[in-house]
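Chemist: What follows is a structure written as structure tokens; I'll ask about it next.
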């Protein structure tokens, strides 16, 4: 997976690391920043893990999925010219997880825009009505988001409970996009993996 951070002087740095590996990086001491680990599977990017430096770990950071959303949101704000450290992003992510279970249900860029516009409301994160759906094809599917519900069963019998929105699942050699409407109607699009 690719790890990205800002080194001394704010230079963008990156390194390829194995999952679970430890890596020593140099950063400007005490200067807040978002650190992201971008995993992939068979050439397909997945939701990132991450952390916010300096954190409270005494010089060591453990990247996790919760931190991936927080770091992605911080980077989206920075990309829009907004100082992310003006917001308590950690609390926002905690509230999002408590309210809806999967913060990725709201696109990071939409949340960043609402924060920048001062129109953000935490109740945008809410549990949606959900519907049991049978996934097409033979094989197992894994959800793109580490917070999303996993399908139950394998092969033709795998089912998953999803709310309205666009969902992405990964299989051994293809990916599945599932669009669910407000009444539980679903459209499935299967496409081959881009390769390693």
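Chemist: Is at least one residue of region 152-164 modelled with pLDDT under 90, under 14 Å from the mean Cα position of the chain (by Cα) and buried (at least 20 other Cβ atoms within 10 Å of the Cβ)?
Modeler: No, because not a single residue in region 152-164 is modelled with pLDDT under 90, under 14 Å from the mean Cα position of the chain (by Cα) and buried (at least 20 other Cβ atoms within 10 Å of the Cβ).
Chemist: Moving on to the next point. Only one of 51, 15 is under 14 Å from residue 75 (Cβ atoms) and in contact with a strand residue (DSSP E or B) (Cβ under 7 Å, 6 or more places away or on another chain). Can you tell me which?
Modeler: Just one listed residue meets the conditions, 51.
Chemist: In region 105-151, which residues are within 22 Å of residue 88 (Cα to Cα) and surrounded by 15 or more Cβ atoms within 10 Å (Cβ to Cβ)?
Modeler: 105, 106, 108, 111, 112, 113, 115, 116, 120, 124, 125, 147
Chemist: Residues that are exposed (fewer than 14 other Cβ atoms within 10 Å of the Cβ) and in the same structural domain as residue 172 (by TED's automatic domain parsing), at least 2 per element: which strands (runs of 3 or more DSSP E) completely within region 1-100 meet that?
Modeler: none
Chemist: Is it true that some residue in region 166-184 is outside any loop (DSSP other than H, G, I, E, B), surrounded by fewer than 16 Cβ atoms within 10 Å (Cβ to Cβ) and modelled with pLDDT of 90 or more?
Modeler: Step one: filter region 166-184 for residues outside any loop (DSSP other than H, G, I, E, B), giving 166-170, 174-180.
After this cut, where a residue has to be surrounded by fewer than 16 Cβ atoms within 10 Å (Cβ to Cβ) as well, the list is 166, 177, 179.
This time we only want the ones that are modelled with pLDDT of 90 or more, so: 177, 179.
Within region 166-184, one or more residues are outside any loop (DSSP other than H, G, I, E, B), surrounded by fewer than 16 Cβ atoms within 10 Å (Cβ to Cβ) and modelled with pLDDT of 90 or more.
The values are calculated or read from the model by the stated rules, or taken from the named source; none is laboratory data. The shown structure was predicted, so the numbers you read here are calculated from the model rather than taken from an experiment. Cβ atoms come from the backbone with ideal geometry, glycine included; neighbour counts cover every protein chain shown.
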